[in-house]
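For reference, the structure is listed below as C-alpha cells.
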Amino acid sequence: MGKTLLRKVWDQHTVRKLPTGQTQLFIGLHLIHEVTTPQAFDMLRVRGIGVAFPDRTFATTDHIIPTLDQSRPFADPLAEAMLAALESNCAEYGIPFWNLDSDRQGIVHVIGPELGLTQPGMTIACGDSHTSTHGALGAVAFGIGTSQVRDVLASQSLAFDPLKVRRITVDGQLADGVFAKDVILEIIARLGVKGGVGHAYEYGGSAIEAMSIDERLTVCNMSIEGGARVGYVNPDQTTFDYLRGRPFAPQGEAFDRAVSWWRSTASDPNADYDDVVEIPASEIEPRVTWGINPGQSVGVSDTIPATGAGVDEALAFMGLSGGAPIRGTKIDVAFVGSCTNSRLSDLREAARIAKGQRVASHVKALVVPGSQAVLAAAEREGLDQVFRDAGFEWRGAGCSMCLAMNPDRLDGEQVSASSSNRNFKGRQGSPTGRTLLMSPAMVAAAALAGEVVDVRTVMSHV
Amino acid sequence: MSSQIDRIDGPGMPLRGDNIDTDRIIPARFLKAITFDGLGDHVFEDDRAAMPDHPFSNPAYGQAKVLLVNENFGSGSSREHAPQALKRWGIEACVGESFSEIFRGNSLAIGLACVTVSREQVEQLMALVEAAPDTPLALSLRERSLTAGDLRVEIDVDEPVRDALLNGTWDATGMLLDDFDVVRGVAERVPYIRGF
Ligand code: SF4
C-alpha cells in the first residue's frame with residue numbers, strides 16, 4: 001500500500017514519540033497575527049523562554065484593523081493595544097512582521113500562499129482555525145490555540161494525535177455559476193459539521209484538479225467548518241506554476257529541485273485511505289446557508305428545511321420559515337471578503353456580476369480585498385471602479401466583517417449575504433445579526449437584487 | 001511541570017444543544033485584549049442576553065464545576081479564549097457527546113478536561129442535574145468514571161489526554177523542549193529549510 005501526503009509529511013516532520021503517546025511534530029512555518037498571540041509571548045516572558053526559530057515565524061495584522069481610517073493610533077484603543085503588542089513582540093524576538101505600511105500585509109491565510117511562504121510538503125501552524133487553507137498547496141496546516149502558539153514559538157514543534165485521512169473525490173465538471181465555495185458547502189452539508197473530526201480531508205478528482213490554486217484555497221479553507229482540522233490537495237503542475245517566481249519560493253535551479261521533492265510528497269496512487277467519499281460535480285448547484293452553522297445550506301433552487309435536528313432553533317434565530325424557498329430572502333448587507341473568498345479571482349467574479357449594475361437601494365455592500373497585493377492588483381484592473389460605480393464600498397485589506405473585530409459589523413437583526421465562512425450566531429458583530437454564506441458571485445447578485453437570487457440567471461445576461 | 005489532575009468534584013451544569021461554537025462561548029469582541037483576564041465574566045454573553053434563563057445565568061448552577069454538553073461542542077474558531085473563559089468562570093471539566101478537535105486540544109493545554117459519554121448518558125446526567133442542581137458530581141480520570149448521586153457512568157477519554165492530566169504534563173512546553181537537539185535535527189533535515 002502506498003502512503004498519503006499526510007502520512008509522508010507526518011513521518012518527515014516527526015521529532016519523536018512523546019511519553020503521552022502523542023507525536024511531537026516539527027512545524028516548518030509558523031504564521032502569527034495580533035489576536036491570538038499577545039498572551040503567548042507573555043507566557044514565554046514569564047517562563048524566561050526565548051523563540052527557538054524566529055526566522056520560521058512570520059507576522060501580519062488582519063483581524064482588528066479598520067478598513068477605512070487606518071491612521072494611528074486607531075480610534076479603538078483596544079485594537080491599538082493589540083497591534084502595538086504585536087509590534088513590540090516581533091521587535092523584541094526578531095520576528096519578521098508585515099505591518100499596515102507593508103505592501104505584503106493582509107489576511108494571514110491570503111498572504112502565506114501569495115508570498116510563496118506556503119509550500120507543498122510543509123507543516124504549518126497558525127493561531128487561527130482557517131489555517132487549513134494552506135493545504136491547497138499540499139501543505140499540512142493546523143489551526144492552533146494560544147498555548148500552542150507559545151509552544152511553537154518555544155520549540156518549533158507541537159504534540160499531536162494521529163489523524164485519519166478521508167479522500168473526498170469530486171469528479172466531473174462544475175456548471176457555470178457553481179464555484180469552489182459551492183463545492184465545499186456541498187461537502188459540509190453532506191458530511192456534517194463534525195464529520196471531519198479526527199480526520200484530514202484530502203480533496204481530489206477531476207473537478208478539484210481543474211481548479212486554480214485560488215479555488216483550492218477556498219475549498220481547503222472551510223475544511224474546519226466540516227470538523228476537519230486539516231484539509232489538502234495533492235500538489236501538481238498547477239501548484240508549481242502558481243509558486244514559480246513568488247518571493248519566498250525557491251528560485252532558479254533550486255526551484256526545479258524543489259518541484260521534484262514537492263511531487264514526491266503527493267499521495268501515492270495506491271495510497272491507503274481510512275475513508276473515501278465521492279461527490280459528482282454535476283450534482284452541485286450554487287448554495288446558500290439558511291441556518292446558524294455552515295452545514296445548514298441548500299441549493300439555491302431548494303426550499304429551506306422545515307424539520308430536522310437543530311432546525312427550529314436555527315430558523316427562529318434566522319427569522320426564516322421552513323418550507324419557503326431560499327431564493328427571494330431579503331438582505332440588508334452584502335460582504336465580499338474573508339480568507340475564504342477575497343482573492344483576485346473572487347473579486348473578478350463578483351465584479352463580473354456587478355459591472356454596469358446598481359446595488360439595491362436598501363443594501364449596504366462592501367468589498368474587502370484579502371491583502372494589499374490583491375487590492376493593488378484589483379485596482380490595476382479597474383475592479384475598484386467597477387464596484388464603486390455599482391454602489392459597493394471599496395475598502396482596505398483585512399478580515400473586516402467576517403468576524404467584526406473592527407468597525408465593520410452588522411446592526412441589530414440585519415441579514416448579510418456574505419462570502420465568508422461562518423454563519424454562527426453573532427459572528428458578524430451583532431448578537432442578533434444573521435448571515436447567509438454563499439459564493440462571491442452570489443453575494444454580488446444578491447447585492448444588486450436586494451435578495452437572494454440564483455447567480456446563474458443573472459450570469460446569462462452578462 | 002503543571003499540576004496533576006486526577007479528579008474533579010463539584011456540581012454540574014447542563015448546557016443543551018449541538019454544535020455550540022466558540023463564537024457563542026465567547027463573542028469575538030471580547031478577544032480584543034492582550035490578556036485572558038476577565039473573560040470569565042463574558043462567557044456566553046450574547047446567548048445569555050437572548051435567553052434570560054440560560055444556565056450560566058441561573059444561580060442554581062452558580063457553583064458548577066462540570067459542564068454537561070451535547071455534540072460537537074466548541075466547534076468553529078480556534079480561540080483559546082473559549083476554554084479560558086469557561087475555566088475562569090469556574091468550570092473544571094466538560095462532559096459531552098463530542099468535542100471539536102481544536103477546542104479539546106486548547107482545553108487540555110490549560111488543564112481543562114474534556115471527556116465523552118453517550119447521548120443517553122448525557123441526557124441522564126442533564127436530567128439529574130436539572131432536577132437537583134446541588135448534586136455533587138465526581139469525575140475520576142483515574143477510574144474513568146463519573147458519579148452523580150446513584151448514577152455511575154463510564155467516561156471515554158483519549159489515553160494521551162488522560163495521561164497528560166494525570167501526570168501533569170498537559171502544559172506541553174517542557175516536554176517539547178526536553179529533546180531539543182532532535183528538533184534541530186529535523187530542521188536540518190527538511191529540504192525547505194536545509195535548501196533545495
Ligand atoms: S477572514 Fe475571517 S475566518 Fe479568515 S482569518 Fe480573518 S477572521 Fe478568521
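Would you call A:LEU158 under 22 Å from B:THR173 (Cβ atoms) and assigned to a helix (DSSP H, G or I)?
When the stated conditions are applied, A:LEU158 does not pass them.
For the range A:118-127, what are the residues that are away from the ligand (no atom under 13 Å from the Cβ), part of a loop (DSSP other than H, G, I, E, B) and within 10 Å of chain B (Cβ to nearest Cβ)?
A:GLN119, A:PRO120, A:GLY121, A:MET122 - these are the residues of the range A:118-127 that are away from the ligand (no atom under 13 Å from the Cβ), part of a loop (DSSP other than H, G, I, E, B) and within 10 Å of chain B (Cβ to nearest Cβ).
Those residues that are away from the ligand (no atom under 14 Å from the Cβ), polar (S, T, N, Q) and in contact with a strand residue (DSSP E or B) (Cβ under 9 Å, 6 or more places away or on another chain), I need them from the range A:128-148; list them, please.
Hit for the range A:128-148 is A:GLN148, nothing else.
Within the range A:394-418, take every residue that is more than 10 Å from the ligand (Cβ to nearest atom), not polar (S, T, N, Q) and not in a loop (DSSP other than H, G, I, E, B) and give me the one that is surrounded by the fewest Cβ atoms within 10 Å (Cβ to Cβ).
Of everything passing the filter in the range A:394-418, A:TRP394 is surrounded by the fewest Cβ atoms within 10 Å (Cβ to Cβ).
Which condition breaks for A:SER439 when tested against (1) away from the ligand (no atom under 16 Å from the Cβ); (2) in contact with a Lys or Arg (Cβ under 6 Å, 6 or more places away or on another chain)?
Here A:SER439 meets the rest and fails (1).
Would you confirm, using the coordinates I've provided, whether A:ALA449 is away from the ligand (no atom under 16 Å from the Cβ) and buried (at least 24 other Cβ atoms within 10 Å of the Cβ)?
Answer is no for this residue.
Out of the residues in the range B:11-38 that are over 17 Å from B:GLY76 (Cα atoms) and within 15 Å of the chain's Cα centre (by Cα), state the one that is farthest from the other protein chains (Cβ to nearest Cβ).
Residue satisfying both the conditions and the ranking: B:GLY12.
Checking A:ALA136 against (1) buried (at least 24 other Cβ atoms within 10 Å of the Cβ); (2) within 14 Å of chain B (Cβ to nearest Cβ); (3) not aromatic (Phe, Trp, Tyr), which single condition isn't satisfied?
(2)
Among the residues of the range A:88-117, which ones are closer than 30 Å to A:SER267 by Cα and not in a loop (DSSP other than H, G, I, E, B)?
Listed by number, the residues that qualify are A:VAL108, A:HIS109, A:VAL110, A:ILE111, A:GLY112, A:PRO113, A:GLU114.
Just to be sure I understand the filter: pairs with C-beta atoms under 8 Å, separated by 6 or more residues or on different chains, first member in the range A:329-353 and without any contact (Cβ under 8 Å) to a residue 40 or more places away in the chain, second member away from the ligand (no atom under 16 Å from the Cβ) and not hydrophobic (A, V, I, L, M, F, W, C). Which pairs pass?
Qualifying pairs under 8 Å: A:ARG348/A:GLU381.
Any residue at all in the range A:374-393 that is within 16 Å of the ligand (Cβ to nearest atom) and buried (at least 24 other Cβ atoms within 10 Å of the Cβ)?
Yes: the range A:374-393 contains one or more residues that are within 16 Å of the ligand (Cβ to nearest atom) and buried (at least 24 other Cβ atoms within 10 Å of the Cβ).
Quick check on A:ASP151: is it free of Cβ contacts under 8 Å to residues at least 12 places away in the same chain, away from the ligand (no atom under 16 Å from the Cβ) and of a type in the set (D, E, K, R)?
Considered against the rule, which asks whether it is free of Cβ contacts under 8 Å to residues at least 12 places away in the same chain, away from the ligand (no atom under 16 Å from the Cβ) and of a type in the set (D, E, K, R), A:ASP151 comes out as yes.
From the list B:VAL161, B:VAL186, B:VAL153, which one is β-branched (Val, Ile, Thr) and either surrounded by fewer than 15 Cβ atoms within 10 Å (Cβ to Cβ) or part of a strand (DSSP E or B) (or both)?
B:VAL153
Identify all residues within the range B:110-128 that are within 14 Å of chain A (Cβ to nearest Cβ) and touching a Pro at 6+ places or on another chain (Cβ under 8 Å); write none if there are none.
Once the filter is applied, which keeps residues that are within 14 Å of chain A (Cβ to nearest Cβ) and touching a Pro at 6+ places or on another chain (Cβ under 8 Å), the range B:110-128 yields B:ILE110, B:LEU112.
Restricting attention to the range B:168-180, report how many residues are in a helix (DSSP H, G or I), within 8 Å of another protein chain (Cβ to nearest Cβ) and over 14 Å from A:LYS17 (Cα atoms).
1
Output yes when any residue across the range A:100-114 is among the polar types (S, T, N, Q) and either within 16 Å of the ligand (Cβ to nearest atom) or touching a Lys or Arg at 6+ places or on another chain (Cβ under 9 Å) (or both), and no when none is.
Taking every residue of the range A:100-114 in turn, at least one turns out to be among the polar types (S, T, N, Q) and either within 16 Å of the ligand (Cβ to nearest atom) or touching a Lys or Arg at 6+ places or on another chain (Cβ under 9 Å) (or both).
Sort out which residues of the range B:77-101 are at the interface with another protein chain (Cβ under 9 Å from one of its Cβ atoms) and in a strand (DSSP E or B), and write them in order of number.
B:PHE99
Return the residue satisfying two criteria in turn: it lies in the range A:337-373 and is within 16 Å of A:ALA180 (Cβ to Cβ) and among the basic types (Lys, Arg), and of such residues it is nearest to the ligand (Cβ to nearest atom).
Checked the range A:337-373; the qualifying residue nearest to the ligand (Cβ to nearest atom) is A:ARG343.
Scan the range A:62-104 for residues that are among the hydroxyl-bearing types (Ser, Thr, Tyr) and touching a residue at least 60 places away in the same chain (Cβ under 8 Å) and jot them down.
A:THR67, A:TYR93, A:SER102 - these are the residues of the range A:62-104 that are among the hydroxyl-bearing types (Ser, Thr, Tyr) and touching a residue at least 60 places away in the same chain (Cβ under 8 Å).
Within the range A:306-315, is there a residue that is away from the ligand (no atom under 16 Å from the Cβ), away from chain B (no Cβ under 14 Å) and either among the small types (Gly, Ala, Ser) or crowded, with 24+ Cβ neighbours inside 10 Å (or both)?
Among the residues of the range A:306-315, at least one is away from the ligand (no atom under 16 Å from the Cβ), away from chain B (no Cβ under 14 Å) and either among the small types (Gly, Ala, Ser) or crowded, with 24+ Cβ neighbours inside 10 Å (or both), which makes the answer yes.
Restricting the range A:419-446 to residues that are in contact with a strand residue (DSSP E or B) (Cβ under 6 Å, 6 or more places away or on another chain), closer than 16 Å to A:LYS364 by Cβ and away from chain B (no Cβ under 14 Å), which is surrounded by the fewest Cβ atoms within 10 Å (Cβ to Cβ)?
A:LEU436
Restricting the search to the range B:171-196, which residues are farther than 15 Å from A:THR265 by Cβ and among the hydroxyl-bearing types (Ser, Thr, Tyr)?
Once the filter is applied, which keeps residues that are farther than 15 Å from A:THR265 by Cβ and among the hydroxyl-bearing types (Ser, Thr, Tyr), the range B:171-196 yields only B:THR173.
Would you check if there is a residue in the range A:42-65 being polar (S, T, N, Q), outside the structural domain of A:GLY398 (by TED's automatic domain parsing), surrounded by 18 or more Cβ atoms within 10 Å (Cβ to Cβ) and more than 16 Å from the ligand (Cβ to nearest atom)?
Scanning the range A:42-65, I find at least one residue that is polar (S, T, N, Q), outside the structural domain of A:GLY398 (by TED's automatic domain parsing), surrounded by 18 or more Cβ atoms within 10 Å (Cβ to Cβ) and more than 16 Å from the ligand (Cβ to nearest atom), so the answer is yes.
Restricting to the range A:115-144, give me the number of residues that are touching a Lys or Arg at 6+ places or on another chain (Cβ under 7 Å) and of a type in the set (Gly, Ala, Ser).
Here the count works out to 4.
The values are calculated or read from the model by the stated rules, or taken from the named source; none is laboratory data. This is a predicted model, so every value here is computed, not measured. Quick reminder, even Gly has a Cβ in these numbers, built from the backbone with ideal geometry, and neighbours come from all protein chains shown.
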